[in-house]
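The values are calculated or read from the model by the stated rules, or taken from the named source; none is laboratory data. None of these values were measured; they are calculated from a predicted model. When we count neighbours, we look across all protein chains shown, and the Cβ atoms used for this are built from the backbone with ideal geometry, even at glycine.
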Amino acid sequence: MIRLLALDVDGTLAHRGDEILPATREALQRARSAGIEVAIATGRRYRTTRRVIENLGFDVASVSLGGTLVKEADGTTLHRRTLAPQELVDVLTLYREAGQAAIGQRDGHDDGGADFVLDGALPWNGWTSRYAEANREYCEWHRDLAAEGGRDDVIELCGFGPEAELASLEARVQELHPGRFETVLLPMPESSSTRGGFFLEVRPAGACKWSGLSVLLEDRGLVPQAVCAVGDERNDLSMVAGAGLGVAMGNAHPELSEAADWVTGRHDEDGLVAVVERLLAQLG
């Protein structure tokens, strides 16, 4: 019996940025009223995750920053993982060797201050510049993040650029630091200021959407078989594979569709409505 419905945001729940289609919103409200908890599991930071939650019409728990940050519906932090100071320096070194400017993600909601700390050791490419401009009220520029010894508030490092360059950097991280970090390389959403580019995230080892959802499961006393997880990209693989029912959107990456138990409709055609109907049918 499914008791928790975990949803990715971009390409799954959200349409054109933070919008949720009316039929999708109504279906999720019915699921909640029937006793199925709805939760978010996204690569977004908490601030932009909240924008989507507000469009739902009811508060939900969230797994953000790819599984490193788990918050209750009221914003209380249940779990957070950050890069250790030496891990931060080691990854920054590889970004710089690859000629890529790095951005550190923080939990500005709990810690105060900026959501992002931008490393100024290298010139920014066009994608990074546009991202910094679009988020300037949430950014802090630092001349040299690596020189700030003891910094322990960075959750993950990311960078923007062409796919081939970032794929090479990702391979370098894994080659030199096997087992120390999780890496995710994805295209930027079309609604983003960095559309057309790719981004590489590097976070602590073991941190993924499923590890974040597992925190919620433990808190709720639920087993994996009680979870339905829905997504569209490769960073959703861990939760789609780990859940009792793993669902891919009709617009999903082929690798995710292959791993899923079921493929529903597209995110921009209310594909989540069919998921909710299937879950409500189990309740009789």
Quiz item: outside the structural domain of residue 70 (by TED's automatic domain parsing), closer than 17 Å to residue 84 by Cβ and among the small types (Gly, Ala, Ser), is that true of residue 159?
Solution: no
Quiz item: What residue, among those in the stretch 197-219 that are closer than 20 Å to residue 166 by Cβ and without any contact (Cβ under 8 Å) to a residue 40 or more places away in the chain, is surrounded by the most Cβ atoms within 10 Å (Cβ to Cβ)?
Solution: 198
Exercise. Considering only residues that are over 16 Å from residue 279 (Cβ atoms) and of a type in the set (A, V, I, L, M, F, W, C), look in the stretch 249-262 and name the one that is surrounded by the most Cβ atoms within 10 Å (Cβ to Cβ).
Key: 252
Quiz item: Do we find a residue being at negative phi, touching an Asp or Glu at 6+ places or on another chain (Cβ under 6 Å) and in a loop (DSSP other than H, G, I, E, B) anywhere in the stretch 154-176?
Solution: no
Practice problem: Scan the stretch 174-185 for residues that are touching a residue at least 60 places away in the same chain (Cβ under 8 Å) and within 20 Å of the chain's Cα centre (by Cα) and jot them down. | Solution: 180, 181, 182, 184
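Of the residues 48, 76, which single one is farther than 18 Å from residue 160 by Cα, among the β-branched types (Val, Ile, Thr), surrounded by 14 or more Cβ atoms within 10 Å (Cβ to Cβ) and not assigned by TED's automatic domain parsing to the domain that holds residue 181?
48
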Quiz item: Quick one: is residue 12 in a loop (DSSP other than H, G, I, E, B), closer than 20 Å to residue 217 by Cβ and polar (S, T, N, Q)?
Solution: yes
Exercise. Answer yes or no as to whether residue 230 is buried (at least 23 other Cβ atoms within 10 Å of the Cβ), outside any helix (DSSP H, G or I), among the aliphatic types (A, V, I, L, M) and assigned by TED's automatic domain parsing to the domain that holds residue 36.
Key: yes
Quiz item: Do you know which residues across the stretch 51-69 are outside any helix (DSSP H, G or I) and within 16 Å of residue 26 (Cβ to Cβ)?
Solution: 57, 58, 60
Quiz item: Out of 124, 141, which single residue is aromatic (Phe, Trp, Tyr) and assigned to a loop (DSSP other than H, G, I, E, B)?
Solution: 124
Quiz prompt | Total residues in the stretch 186-214, condition in a strand (DSSP E or B) and at pLDDT 95 or above | solution = 5
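Yes/no per residue for (1) of a type in the set (Lys, Arg); (2) without any contact (Cβ under 8 Å) to a residue 40 or more places away in the chain; (3) in a loop (DSSP other than H, G, I, E, B); (4) more than 21 Å from residue 171 (Cα to Cα):
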position	(1), (2), (3), (4)
83	no, no, yes, no
86	no, yes, no, no
90	no, no, no, no
95	no, no, no, no
109	no, no, no, yes
137	no, yes, no, yes
149	no, no, yes, yes
Quiz item: Filtering the stretch 142-167 down to residues that are loosely packed, with under 13 Cβ neighbours inside 10 Å and under 16 Å from residue 122 (Cβ atoms), which residue is modelled with the lowest pLDDT?
Solution: 147
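Matching residues to (1) out of contact with any Ser or Thr (no Cβ under 7 Å at 6 or more places or on another chain); (2) under 22 Å from residue 183 (Cβ atoms); (3) touching a residue at least 12 places away in the same chain (Cβ under 8 Å):
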site: 221; (1), (2), (3): yes, no, no
site: 238; (1), (2), (3): yes, yes, yes
site: 251; (1), (2), (3): yes, no, yes
site: 267; (1), (2), (3): no, no, yes
site: 279; (1), (2), (3): yes, no, yes
Quiz prompt | Any chance residue 57 is closer than 21 Å to residue 184 by Cβ, in the same structural domain as residue 9 (by TED's automatic domain parsing) and among the small types (Gly, Ala, Ser) | solution = no
Quiz prompt | Options 48, 24: the member that is part of a helix (DSSP H, G or I) and at pLDDT below 95 | solution = 48
